[in-house]
Amino acid sequence: MKNRWKGLLLLFSMFALLFTVACGQQQGGEGKKEITLAYVSWDSEMASTHVIQKVLEDQGFKVELKQVEAGPMWAGVASGSADGMVAAWLPLTHKSYYEKFKNQVEDLGPNLEGTRIGLVVPSYVDVDSIADLNQKKSEFDGKIIGIDAGAGVMEAAHRAIKDYKLDLTLVEGSDAAMVASLKKAIDAKKPIVITGWSPHWKFAKYDLKFLDDPKKSFGGKENIHTIVGKDLKKESPEAYKILDRFHWTTEDMEEVMLAIQKGKKPEEAAADWVKKHSDKVKEWTK
């Protein structure tokens, strides 16, 4: 009888140990497997967000994407309605949002280095500096063609209009509308000035130039940062690690952007890039 009780106690102890290990693995391992990423509808951010979505999905995550404007993107990560984003242009373009939300988010650093924003014209336009735009304002119909009102490049463009005392109107729209206006002007060989940023596929397709900015209204070169919620590291350590390791080049991003511009769906272009660059992806997921 005594040996029987010993056997039952030993069996019970083994089950308890296995149960404890299993619970520990479940709680301390991968964490939650549903991730929400916010992004702005810039071609550059469409490329990066769909690539990291594909990488996360290949690691077993269910990823929801939310396309919003810059303000709601930052606010979403800060409030927890989004887990993160790979679309923060710093230190200037999204400076106001960073200052507002920096204590509610975690900055994982640059995922792409050496970006730039500014006013852009086709190379055939006889203007080289923002300071010279007033002299040619009639050629541009008194307009600077912009994108969505909440974008950081639009804030900088308003700043440039003030700094240079430009007698031009900044037209709000979208990335797609801006590119359509650019194509129409280039096809007709007419002058146009737009809000621009690099990386962007338009620089690979068209012969364009940034206008000199001696007053530094648009700042210098920037980086694109990955921003996540304060709780992501605890809630989903695996997703956090992948987002933290995500880093690529302008050439990588433009490869995806060009594929989308030529007609591929963002999901297809991202999947093709991930398959082609598996060695780089393994560095993010190891």
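The values are calculated or read from the model by the stated rules, or taken from the named source; none is laboratory data. It should be emphasised that the depicted structure is a prediction, and the values quoted were computed from it without experimental measurement. Every residue, glycine as well, gets a Cβ built from its backbone with ideal geometry; the counts of neighbours run over all protein chains shown.
Please enumerate the residues belonging to the range 174-196 that are crowded, with 19+ Cβ neighbours inside 10 Å and either polar (S, T, N, Q) or under 20 Å from the mean Cα position of the chain (by Cα) (or both).
ASP175, MET178, VAL179, THR195, GLY196
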Next item on the list: For LYS282, indicate whether it is touching a strand residue (DSSP E or B) at 6+ places or on another chain (Cβ under 7 Å) and more than 25 Å from TYR97 (Cβ to Cβ).
Entry: no
Check: Hey, does the range 208-224 have a residue that's acidic (Asp, Glu), crowded, with 16+ Cβ neighbours inside 10 Å and at pLDDT 95 or above?
Finding: yes
Notebook entry, point to check: Listed residues ALA88, ALA82, ALA75, ALA149; which is closer than 30 Å to THR169 by Cβ and surrounded by 21 or more Cβ atoms within 10 Å (Cβ to Cβ)?
Noted result: ALA88
Margin query: Among the listed residues ASP128, ASP141, identify the single one that is closer than 27 Å to LYS162 by Cβ, assigned by TED's automatic domain parsing to the domain that holds HIS200, at pLDDT below 95 and not basic (Lys, Arg).
Written below: ASP141
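For every residue, the table says whether it meets (1) among the aliphatic types (A, V, I, L, M); (2) assigned to a strand (DSSP E or B); (3) more than 20 Å from PRO199 (Cα to Cα).
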site	(1), (2), (3)
LEU56	yes, no, yes
GLU64	no, yes, yes
TYR97	no, no, yes
LYS100	no, no, yes
VAL120	yes, yes, no
Next item on the list: Name every residue in the range 183-235 that is of a type in the set (Asp, Glu) and over 23 Å from LEU166 (Cβ atoms), in order of residue number.
Entry: ASP187, ASP207, ASP231, GLU235
Notebook entry, point to check: For the range 133-161, what are the residues that are among the charged types (D, E, K, R), touching a residue at least 40 places away in the same chain (Cβ under 8 Å) and assigned to a helix (DSSP H, G or I)?
Noted result: LYS136, GLU139, GLU155, ARG159
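Residue-wise test of (1) within 29 Å of ALA78 (Cβ to Cβ); (2) surrounded by 20 or more Cβ atoms within 10 Å (Cβ to Cβ).
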| site | (1), (2) |
| --- | --- |
| LEU232 | yes, yes |
| PRO237 | yes, no |
| ASP244 | yes, no |
| HIS247 | yes, no |
| THR250 | yes, no |
| VAL256 | yes, yes |
| LYS275 | no, no |
| SER278 | no, no |
